[in-house]
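The values are calculated or read from the model by the stated rules, or taken from the named source; none is laboratory data. Computed from a predicted structure; not experimentally measured. Note that we place each Cβ from the backbone using ideal geometry, even for glycine, and neighbour counts take in every protein chain shown. Areas reflect the complete protein model, heavy atoms only, side chains present, ligands, DNA and RNA absent. Shrake-Rupley method; radii C 1.70, N 1.55, O 1.52, S 1.80 Å.
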Amino acid sequence: MLLKSLLINCLCNHPKARLAFVLPFLVWWLSMFPPISDGGEYSSVVQPLLARRCYSCHGPDSAEGGIRFDQPESLLANADSGLAAIVPGRPSESEIIKRLSSEDDSERMPPEGKPLSEQEIQAIARWVSSGAQFETHWSFKPLTRPAIPAVHEPAWCAQPIDNFILEKLEAAELHPTSAAEAASLVRRVYLDVVGLPPKPEDVEDLTRNWSAATYEKLVDRLLSDPALGDRWARMWLDIVRYAESNSFERDNPKPNVWKYRDYVINSFNQDKPYDQFLREQIAGDELDCVTEESLTATGYYRLGIWDDEPADPELALFDEYDDIVTTTGQAMLGLTINCARCHDHKIDPLTQRDYYQLVAFMRDVPSYGVRNDQVSNNQLDLDPELGEKYSLIEGEQKKIDRRLKDIEQDAIKKMAGTDQRATEGVERERVLRRRLQQFVSEEVWQEYSDLKAQRQVLNDEIAGLPPRRVVLGLGALEPRPDQTHILVRGSPHSPSESVEPGFPKLLGGGNPTILDADENAQSAGRRRLLAQWLASEENWLTARVIVNRVWQQYFGRGIVRSPNNFGLMGDPPTHPELIDYLASELIRHQWQLKPIHRMILLSSTYRMGSQSNAGGFQQDPANQLFWRQNLKRMSSEQLRDSILTVTGELNEEQFGPSMYPTLGQEVLASQSRPGNGWGNSSPAQQAKRSIYIHVKRSLPVPLMSVFDFPETDTSCEARFLTIQPGQALTLLNSDWMQEQASYLLERATRDVGGDILAQARRVLELVQGRSPVESEIEQLTNLVDRLKLRHQMNDKAARQAMCLVALNLNSFIYVE
């Protein structure tokens, strides 16, 4: 078998030698071996590769040369040239291998873009050699629980996860790198689980008596820490494109949207079963047990962008449905279902009918709002009786207000021009108090006075009621929604055949029984069926997708690198059996995620260091096989929260309305209406964790965006982690960082007094979470001396600059 592998490698890498020797010899050699299974390589590697690189010319839309790579019968038949693209078991006779490995630009495929890599060609050659068996794509197959692999070094395996990782490492003749040092691991697990750095004193206490039991206790303590919700909720908010405004020109706020954010934080802290978490968001108002939490969860439908003055209102409505279907498909199923809105999916086996059947489940959800009423459809009273009282009083207030305004406007028309202009601004009330009675009859003035008195009575009635409890959610629904049609090219003005709610055939299909809503129904009852299907054990994508996201947070990338796309154009899993094992474990633990967190955190795989070794770097530079931990920079939230932590300024208060960091005038001026919708929070509120920052779509916070806070119009599957000059400029020059450096100096002074050596040591302890070496302390104190000598800084300013430099160290900005 070794010789067979060498021959395939030679075939792919040395085309001239192939013509002279390899091809004839390979025909004989491969004939000595019967075709063998490719072990899933077709579905996990070859098919996604063909989809990405070949379908544009040889796929659903085009069959150049008479070949379609999405149809096995076409791929195995002779092309228009009379040559066979694939001859199973005979790569030497397969035209696809010749074309992929050709050195002639006029023959090599694909004709555009980069040629396939040696590894990619080898994978296709192995598949052809093994018989070219066509399999169902890995993620389109039902979930199975794989056996835990046997390995040569079982002592390394602390958790079953490790067996899956080590099996592939051993097959590649690679060794996992050594475990991270205790101090580094403590800092890593703090930042990964709760998003905050540990206190230096805690690191010292833990590492002094370091053991596996010590680490396990630390993991359990952090998993029960309420700060976990603030860290992990952000993952979900990225996925569902959470923001607190509507985008477009006015970018108006979404009232009470922060309550959805708090719901997500609470759900992660409570370790709410993931299937329940999904059901509450999709159909929280239709469940057997409707709660305030489940009603708040329906705010999921109201998180997207919304245009309050669309040129085509009907198209805008279906754009809203598309936004929900897109997010649901990508976030929960890892499928780009939205690609089937205008036509059948070009790559995955998803039809336009599948798409509109999913839309049909949601047709009882009306638009977010209309221009003259931007709240009724999306604001939901948690106490309907109390809400009805408020509505009745507010209705009377509006009637009175309309009549009062009519009287005022009639009088204003008779006033002098200067007074008329004054009533168009802040002087309106003053002018009306002085002038109104002069321009109305006694009868009208009496009516006006009576209306004012009635308005005050209503105000008093409102003041006497308990506070109204309102959340963003499904404030209005259509119990008997319009019929859903397949729309030609996605246009609501070109409806074709009608469809009923149904599930994609790709995932088993089926049309649930939909009963007509009775006359007292508040919803159509369809979304409950969708929620049950999405969160079912029989839906083999849901569990796979979420465990992949959890893995991604701990290792910097998922087992599937494209978390929102498990389809043919997505990246294949590096460890398909591992993702199935984790998914089956999630279901076995009643869909609770904390056991999955714990399993990962206690694994040897997670506890590896990030240092490189020659063998691993040479053979697997991208760390596909996880032979080491990936080096990670802090996210924007981790960085800001860590700065507040080490300076001693962090306000750990949880929940409540979002806060507004102070923004410079040049930032506020970036809006069409500078500063519109940006509040003014107290310093204490501004020191809360970053998840509580108001997310206004048209006004990103510079410190967050420069460190890759995601764009919120669409689902963010994975954040970019860039290294670019704007980050250094922000951390060195922004007013906020200068302020934090002064707080760090104040904290160091409180802790150790005014001695410069003691201050430098303490600053490095706080920033790095460990005791610094003498050379590090010396560098900081020398910096203070240079700033005072060469730049004539006073002592305090120089020491503050020392603190600023410490906050810019890589050992602080990176997780380890």
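Couple of notes before you dig in:
- Additional length obtainable on full extension of the chain from Lys414 to Ser224, 0.36 nm per residue less Cα span: 61.5 nm
- Net length gained if the chain between Glu500 and Ala212 were fully extended (0.36 nm per residue, minus Cα distance): 98.1 nm
- The slack in the chain from Gln624 to Lys796, taken as 0.36 nm per residue of separation less the alpha-carbon distance, amounts to 57.1 nm.
- When the convex hull of its Cα atoms is viewed from all sides, the chain shows a mean projected area of 45.6 nm².
- Interatomic Cα distance distribution for the range 587-689, bins of 5 angstrom, percent: 2, 9, 11, 11, 12, 13, 11, 10, 10, 8, 3, 0
- Relative packing of peptides 530-543, 146-159 - highest average C-beta neighbours within 10 Å first: 530-543, 146-159
- In plain terms, the C-alpha convex hull of the range 405-510 casts an average shadow of 15.2 nm² when viewed from every direction.
- Taking N as the residue count of the range 341-429, its C-alpha radius of gyration divided by 2.2 N^0.38 Å amounts to 2.00.
- Alpha-carbon centroids, the range 737-771 and the range 146-161: separation in whole Å: 45
- Given charges at Cβ of Lys, Arg, Asp, Glu: the range 558-662 dipole, positive-most of Pro621, Ile579, Ser642: Pro621
- The range 139-249 - Rg (one decimal) and Dmax (whole number), Cα, Å: 19.3, 62
- With N the number of residues in the range 242-291, Rg(Cα) / (2.2 N^0.38 Å) evaluates to 1.39.
- Local net charge near Ser441, Cβ-Cβ under 12 Å (Lys/Arg +1, Asp/Glu -1): -3
- Largest first, the extents of the alpha carbon coordinates of the range 467-538 on the three principal axes equal 47, 38, 24 Å.
- Modelled spin-label separation between Gln397 and Asp785, with each label point placed 7 Å from Cα along the Cα-to-Cβ direction: 6.8 nm.
- Heavy-atom accessible area order for His589, His791, largest first, 1.4 Å probe: His791, His589
- Taking one quarter of the surface of the C-alpha convex hull of the range 53-186 gives a mean projected area of 12.6 nm².
- Sequentially through the range 481-492, phi angles give Karplus couplings (6.51, -1.76, 1.60; θ = phi - 60°) of x, 5, 4, 8, 10, 5, 9, 4, 6, x, 8, x Hz, Gly and Pro residues having no value and appearing as x.
- Here the range 382-425 is treated with +1 on each Lys and Arg Cβ and -1 on each Asp and Glu Cβ, and its dipole about the Cα centre works out to around 340 debye.
- Over the range 281-349, the pair-distance histogram of Cα-Cα distances with 5 Å bins from zero comes to 3, 15, 18, 19, 18, 15, 9, 3, 0 percent, rounded to whole numbers.
- Positive end of the dipole of the chain (Cβ unit charges, origin at the Cα centre): among Ser610, Gln330, Asn377, the Cα lying farthest that way belongs to Ser610.
- Long-range Cα-Cα pairs in the range 676-722 (distance over 13 Å), rounded percent: 63
- Cα-based helix-to-principal-axis angle, 795-806 vs the chain, degrees rounded to 10: 50
- Phi-derived couplings, Karplus 6.51 cos²θ - 1.76 cosθ + 1.60 at θ = phi - 60°, listed residue by residue for the range 136-144: 5, 3, 3, 7, 8, 9, x, 6, 10 Hz, with x used for Gly and Pro.
- Heavy-atom accessible surface of Ser491, to the nearest 10 Å², is about 30 Å², with a 1.4 Å probe and all protein chains retained.
- Helical content of the chain, expressed as a calculated mean residue ellipticity at 222 nm, amounts to -14000 deg cm²/dmol (DSSP H runs of 4 or more residues, -39,500 (n - 2.57) each, divided by residue number, nearest 500).
- For the chain, the relative contact order works out to 16 percent when only alpha carbon pairs closer than 8 Å and six or more residues apart are counted.
- In this structure, Ser811 and Gln119 have a Cβ-Cβ separation that, at R0 = 30 Å, corresponds to a calculated FRET efficiency of about 0.30.
- Expressed per residue, the C-alpha convex hull volume of the range 166-231 stands at 110 Å³.
- Across the range 88-160, Cα-Cα distances exceeding 18 Å account for 61% of all pairs.
- Dimensions (Å) - the range 184-286, Cα atoms, principal axes, largest first: 56, 33, 18
- Since only Gly473, Ser211, Ser670 are under comparison, the one whose Cα sits farthest along the positive direction of the charge dipole of the chain, derived from C-beta charges on Lys, Arg, Asp and Glu, is Ser211.
- Ranked by how many other beta carbons lie within 10 Å on average, peptides 297-308, 434-445 from highest: 297-308, 434-445
- Kirkwood hydrodynamic radius computed over the range 620-743 comes to 16.2 Å, based on all pairs of distinct alpha carbons.
- Check: the chain dipole with +1 on Lys, Arg Cβ and -1 on Asp, Glu Cβ, in debye: 1680
- Residue-count net charge about Ile148 - beta-carbon cut-off 15 Å; Lys, Arg +1, Asp, Glu -1: -4
- Among beta bridges identified by DSSP and lying wholly in the chain, the antiparallel ones come to about 85 percent.
- Restricted to Cα atoms, the range 679-769 shows a radius of gyration and a Dmax of 16.6, 52 angstrom.
- Taking only the C-alpha atoms of the range 444-603, Rg followed by Dmax gives 25.6, 81 Å.
- A cut-off under 11 angstrom between Cβ atoms defines the neighbours of Phe164, and their net charge, with Lys, Arg +1 and Asp, Glu -1, is -3.
- Take the Cα of Arg433, step 7 Å toward its Cβ, do the same at Gln133, and the gap between the two points is 8.8 nm.
- Computed accessible area, Arg561, all protein chains, 1.4 angstrom probe, square angstrom: 100
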